[in-house]
Amino acid sequence: MAHTFPELKKKPLAELRVNKDHLLAAICKALNIDMHVHHEVKGVDKTAIKTKIREWQKKRDEALAAKDRAKLKVALNHIHHFKHELRKAMV
């Protein structure tokens, strides 16, 4: 889709309309802007929380294997709590 300047200059406005997605990609490329937002976790120890999540996931799997609904619910609540804590700390 490489056009020359004279070709583009002769085209009517209706043919020059660009989709917003294409336009954003071109602008970001031209201005050297990153296309994706990168989140960082601030204020909490991410590795410690992820370790706790993995531990509770193991307990969850054990509860599923044992068909123990009470332990399963506790494990799922803990996993949810830790994941919520991580998301809350993202900036």
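The values are calculated or read from the model by the stated rules, or taken from the named source; none is laboratory data. The structure displayed is predicted, hence computed values, not measured ones. Cβ: placed from backbone, ideal geometry, glycine included. Neighbour counts: every protein chain shown.
The condition of being within 19 Å of the chain's Cα centre (by Cα) and more than 30 Å from Asp21 (Cβ to Cβ) holds for only one of Lys67, Lys83, Lys58, that being Lys83. Of all residues in the stretch 62-84, those that are closer than 28 Å to His39 by Cβ and either surrounded by fewer than 15 Cβ atoms within 10 Å (Cβ to Cβ) or touching a Leu at 6+ places or on another chain (Cβ under 7 Å) (or both) total 5. Residues in the stretch 8-59 that are part of a helix (DSSP H, G or I), surrounded by 10 or more Cβ atoms within 10 Å (Cβ to Cβ) and either among the polar types (S, T, N, Q) or touching a helix residue (DSSP H, G or I) at 6+ places or on another chain (Cβ under 6 Å) (or both): Ile49, Thr51, Lys52, Ile53, Trp56, Gln57, Lys59.
For Phe5, the criteria (1) among the aromatic types (Phe, Trp, Tyr); (2) touching a His at 6+ places or on another chain (Cβ under 6 Å); (3) modelled with pLDDT under 95 hold in every case but one, which is (2).
Take the conditions (1) of a type outside the set (Asp, Glu); (2) closer than 30 Å to His78 by Cα; (3) in contact with a Leu (Cβ under 9 Å, 6 or more places away or on another chain); Leu16 misses just one of them, which is (2).
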